[in-house]
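Scroll down for the structure; my scribbles are underneath it.
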Amino acid sequence: MVNEVKSYEFDEIERRHQERWRAEGTFEVSEDPARPKFYCLEMLPYPSGDIHVGHVRNYCITDVITRFKRMRGFNVLHPIGWDALGLPAENAAIKRETHPEAWTRGNIAGMKAQLQRLGFSYAWSREIATCDSSYYRWNQWFFLRMLEKGIAYRANSPVNWCPSCLTVLANEQAEGGLCWRCKSVIEIRDMEQWFLRITDYQDALLDDMDDLSAWPDRVLQQQRNWVGRSQGAEVSFPLEQGGSIRIFTTRIDTIYGATFCVLAPEHPLVDQLMSEASKADAETLARLRGQDRRARLAGQVEKEGLFTGRYATNPFSSERIPIWVGNFVLMGYGTGAIMAVPAHDERDFEFARKYGLRVHPVIQPEAVGLDGATMAEAYTGPGVVTGSAGFDGLASETAIEKMAAHASAQGFGGVKTAYRLKDWLISRQRYWGTPIPVVYCDKDGIVGVRDADLPVVLPKDAPFTGEGGNPLEKVEAFVKAICPKCGGAARRETDTMDTFVDSSWYFYRYCSPQTEDAPFDRAAVKYWFPIDLYVGGIEHAILHLVYSRFWTKVMKDLGLIDWAEPVARLFPQGMVHKDGEVMSKSKGNTIAPDDVVKRYGADTLRLYILFAAPPELSMEWSETGIEGPHRFLLRVWRLVQKHAAARSPDRDFGELSRNGLALRRRVHQTIARVTADIDERIHLNTAVAALMELTNDIYRLEERLEGASDAAALCEALDALVLLLSPFAPHACEQMWSDRGHPKSLVDEPWPSADETAMREDVTEVAVQVNGKIRGRVLVPSGADEAAHEALALAEPGVEAHIDGKTLVKAIIVPGRLINLVVK
């Protein structure tokens, strides 16, 4: 029975089903030990204003997977929240002469409405905002536990100071010598700051990567490089004016070839050694300090240096060698100083040739004699030690052992494991963050606030002028405190925490956001963890993703959990580009999802974003590209509406025609393909492509079907198409499912299973050409020989008319693919 096709009123359909989901609490869940769980999460958004379609891509990916998993029988947790503290809100509030909380809450309301209009399947009852004191009190609670364990500590340290934001930044937030927020040039200042001892966990951060088999190698490699563990030796080079330079090397076997030392521009000795530097040298030093640290580390900037005018002594050879400052040495690795051995290190060689410094080989490869004056490049391989006094003749490996032992015995060095990772600086001199819960007492020193007095709440009346440093310092009622230990007068800490603290553990709070006496319910997190799929940008590889792994390890040591890694599978999604650049507000090239939804509907926007490119790769936004997915959705709508009244409750496929068999085969092949594309590969674009192909096949075959069994196959095909499409276009599919006469919501239906028997290619459709032009198609049994192919082709009625009365010269046959009859 063919129905009159009703129009696709997407706005009414989408709003109606969204309201139904909200009213029925469709996506709310609780722990159910009888069912397998699936915890799916995207990195929580920062409420900086309206979302654009670049953000939407991330949410679409997780929504497809969570809807799919729910239909597969999993108990799915898919929560959402807001990373709501931080400098952007405070800066925006200053600019707009408002309070950062008012600005943040307004943005949250707007973004929440946008997400709900797109139909994402969030468990909204678990929504959190990190600016709620009910959330950040637990940041403070964790801090106090870390203070008790010695993980949190205060120390004087050279720090990255942003003169525009008037706050300290972690090394990761000051790459390139620029503030990651406002891009101002960073200054180096000595200040008392709060740190978390992440270096206590540097080996665990590396070694536990063995358990992260479902993380991309590129993310793990970035983290390995950031932690930067190396086995080597540390050696002191005495300075002529007293003191020494402590260097780290992985090739102590080359130490007799050290012809100069190099200090990182940020090394604390540099200012002392260059106290009498010329104005030009001082300017050069400042420029070197401002260069991008990642680019320096990766060798992406030209090697530059300055001679300090000072000398050190090689403790092995007693040779006097010059001390240089070089931009290819970084404070974040080893000691921030190196012995330069240009004959056996590529960077040192390039630097030495540029500045005319001596090249002295001390490792000779087999059958080759190296001459420092004529070497065209450094020799970095192993060999036999020469020119190294009592170590001559040793193989490199043996020399490394013996030289490290000698340095230890003589008291000027020894074996050392070096790391690039530094402790996490969490102090920020701004208002809109979690107050650090300590007071300073003249009698008792630093004293933690009592748990019973948490949270230490941000005062509402802090002045926001953008001038004069931390607004909290100006609120007398906040600064004046009572010492919890002695009851005397005390001064409250006015620094707030780095907002990466907020995002390091938020996913645990989702498991029990209403818990009041602990950061989370232990039974709930034990049920839901680890996160089965975490989706977010690759740019978070060495910030959020390192910190969150560290935080989980700390929680394990505190006895709160019994696992060491929070995320089982990580999926970094690609960025959305427009006009060749990443879509962002700062570039003015954003597209509001509201405009697209108003014109095409949420389902079309979701389909386009998911179809345009593989989700792990970047996609280019195209105003015309969205038309294709919209036409596809309309084709599916018309097809289903046309056959909305078709029913086949028994689904008896006993007497299928060849077209009925072909349809069932394509349906079940598509089920298998879409299932694998979503579940295993997360190739969502090819899953949509497969559904487009299936739609074409149904259109092609629908008029050729005959009998009850074929009618059953058509009903199966229509239902399967709607079910398979539903994670991508849930609103339209809910409506089509209902129009097909199904009483329950589609989200409660089981995902279709592929029938291996139906998928089997018992026969293959083969095109038949006559003199190179297609004149018909035949169904050929699998495994048929060429003679059978030819006989079927000659008997095909559509072919007979083109060969009648002609002589068959030859038959060109590609079994299972093509038959070409050559006649004359």
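The values are calculated or read from the model by the stated rules, or taken from the named source; none is laboratory data. Owing to the predicted nature of the structure, the values given are computational and were not obtained by experimental measurement. Methodologically, a virtual Cβ is constructed for each residue, glycine included, from the backbone with ideal geometry; neighbour enumeration extends over all protein chains shown. To get the accessible areas, we keep the full protein, side chains included, count just its heavy atoms, and leave off ligands, DNA and RNA. Shrake-Rupley method; radii C 1.70, N 1.55, O 1.52, S 1.80 Å.
Any residue that is open to solvent by 10 Å² or more (accessible area, probe 1.4 Å), at pLDDT 95 or above and β-branched (Val, Ile, Thr) - is there at least one of those in the stretch 61-81?
yes
Assess whether Ile400 counts as being over 28 Å from Arg224 (Cβ atoms), touching a residue at least 40 places away in the same chain (Cβ under 8 Å) and not in a loop (DSSP other than H, G, I, E, B). Explain how you work it out, then say what you get.
Details: over 28 Å from Arg224 (Cβ atoms): no; touching a residue at least 40 places away in the same chain (Cβ under 8 Å): yes; not in a loop (DSSP other than H, G, I, E, B): yes.
No: the conditions fail for Ile400.
Among the numbered conditions (1) assigned to a helix (DSSP H, G or I); (2) open to solvent by less than 40 Å² (accessible area, probe 1.4 Å), tell me where Met339 comes up short.
Status for Met339: all satisfied but (1).
One line per residue, one yes/no per condition, for (1) surrounded by fewer than 17 Cβ atoms within 10 Å (Cβ to Cβ); (2) free of Cβ contacts under 8 Å to residues at least 12 places away in the same chain; (3) under 20 Å from Arg137 (Cα atoms); (4) among the charged types (D, E, K, R):
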position: Glu476; (1), (2), (3), (4): yes, yes, no, yes
position: Gly488; (1), (2), (3), (4): yes, no, no, no
position: Arg492; (1), (2), (3), (4): no, no, yes, yes
position: Thr496; (1), (2), (3), (4): no, no, yes, no
position: Tyr506; (1), (2), (3), (4): no, no, yes, no
position: Asp517; (1), (2), (3), (4): yes, yes, yes, yes
position: Val546; (1), (2), (3), (4): no, no, no, no
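Mind listing whichever residues of the stretch 382-396 are open to solvent by 20 Å² or more (accessible area, probe 1.4 Å) and within 29 Å of Arg296 (Cα to Cα)?
Pro382
Restricting to the stretch 625-648, name every residue that is among the basic types (Lys, Arg), under 14 Å from Ala717 (Cα atoms) and part of a helix (DSSP H, G or I).
Let us first name the residues in the stretch 625-648 that are among the basic types (Lys, Arg), namely 631, 635, 638, 642, 647.
Checking the rest, the ones that are also under 14 Å from Ala717 (Cα atoms) come to 642, 647.
Residue satisfying the conditions is Lys642 alone.
Looking at Leu458 and the list (1) outside any helix (DSSP H, G or I); (2) surrounded by fewer than 20 Cβ atoms within 10 Å (Cβ to Cβ), which single condition is not satisfied?
Single failed check for Leu458: (2).
Please verify whether the stretch 629-647 includes one or more residues that are of a type in the set (S, T, N, Q) and modelled with pLDDT of 95 or more.
Kept after step one, since they are of a type in the set (S, T, N, Q), are these residues of the stretch 629-647: 641.
Okay, now just the ones that are also modelled with pLDDT of 95 or more, so 641.
For the stretch 629-647, residues of a type in the set (S, T, N, Q) and modelled with pLDDT of 95 or more: present.
Results for (1) within 24 Å of Asp594 (Cα to Cα); (2) of a type in the set (Asp, Glu), shown as yes or no for each residue.
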{"position": "Glu42", "(1), (2)": "yes, yes"}
{"position": "Tyr46", "(1), (2)": "yes, no"}
{"position": "Val64", "(1), (2)": "yes, no"}
{"position": "Phe68", "(1), (2)": "no, no"}
{"position": "Gly86", "(1), (2)": "no, no"}
{"position": "Gly110", "(1), (2)": "yes, no"}
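Could you list, in sequence order, all residues of the stretch 583-594 that are open to solvent by 50 Å² or more (accessible area, probe 1.4 Å) and either not in a helix (DSSP H, G or I) or not charged (D, E, K, R) (or both)?
Ser586, Gly588, Thr590
When you scan the stretch 698-713, do you find a residue that is surrounded by fewer than 20 Cβ atoms within 10 Å (Cβ to Cβ), out of contact with any His (no Cβ under 9 Å at 6 or more places or on another chain), in a helix (DSSP H, G or I) and modelled with pLDDT of 95 or more, even just one?
Yes: the stretch 698-713 contains one or more residues that are surrounded by fewer than 20 Cβ atoms within 10 Å (Cβ to Cβ), out of contact with any His (no Cβ under 9 Å at 6 or more places or on another chain), in a helix (DSSP H, G or I) and modelled with pLDDT of 95 or more.
For a quick check of your reading: which helices (runs of 4 or more DSSP H) sit entirely within the stretch 740-824 and have at least 3 residues that are out of contact with any His (no Cβ under 9 Å at 6 or more places or on another chain) and either open to solvent by 70 Å² or more (accessible area, probe 1.4 Å) or closer than 30 Å to Thr675 by Cβ (or both)?
On the way: elements: 756-759, 786-795, 797-803.
Once the helices (runs of 4 or more DSSP H) in the stretch 740-824 are filtered for at least 3 residues that are out of contact with any His (no Cβ under 9 Å at 6 or more places or on another chain) and either open to solvent by 70 Å² or more (accessible area, probe 1.4 Å) or closer than 30 Å to Thr675 by Cβ (or both), what remains is 797-803.
Among what's in the stretch 189-231 and is of a type in the set (Gly, Ala, Ser) and either modelled with pLDDT under 95 or more than 32 Å from the chain's Cα centre (by Cα) (or both), pick the residue that is most open to solvent (accessible area, probe 1.4 Å). Show your work before the answer.
Step one: list which residues in the stretch 189-231 are of a type in the set (Gly, Ala, Ser), which gives 204, 213-214, 228, 230.
Subset that is either modelled with pLDDT under 95 or more than 32 Å from the chain's Cα centre (by Cα) (or both): 228, 230.
On the way: Gly228: 6, Ser230: 25 Å².
Here the answer is Ser230.
Cβ contacts < 6 Å: first residue open to solvent by 20 Å² or more (accessible area, probe 1.4 Å), restricted to the stretch 619-630; second residue of a type in the set (Phe, Trp, Tyr), any location; separation 6+ or different chain. Result?
So the pair list comes out as His630/Tyr600.
Looking at (1) surrounded by 15 or more Cβ atoms within 10 Å (Cβ to Cβ); (2) at positive phi, which one does Lys183 not meet, given that it meets all the others?
(1)
Would you call Gly110 without any contact (Cβ under 8 Å) to a residue 12 or more places away in the chain and either in a helix (DSSP H, G or I) or touching a Ser or Thr at 6+ places or on another chain (Cβ under 6 Å) (or both)?
Values: without any contact (Cβ under 8 Å) to a residue 12 or more places away in the chain: no; either in a helix (DSSP H, G or I) or touching a Ser or Thr at 6+ places or on another chain (Cβ under 6 Å) (or both): yes.
The answer is no for Gly110.
Any idea which residue in the stretch 461-471 is nearest to Thr98 (Cα to Cα), counting only those that are surrounded by 17 or more Cβ atoms within 10 Å (Cβ to Cβ) and out of contact with any Leu (no Cβ under 8 Å at 6 or more places or on another chain)?
Residues of the stretch 461-471 surrounded by 17 or more Cβ atoms within 10 Å (Cβ to Cβ): 462, 464, 470-471.
Restricting the remaining residues to those that are out of contact with any Leu (no Cβ under 8 Å at 6 or more places or on another chain) gives 464, 471.
Values: Phe464: 8, Pro471: 14 Å.
Here the residue is Phe464.
Specify the residue that is farthest from Arg450 (Cα to Cα); the eligible residues are those in the stretch 120-137 that are open to solvent by 10 Å² or more (accessible area, probe 1.4 Å) and part of a helix (DSSP H, G or I).
Trp124
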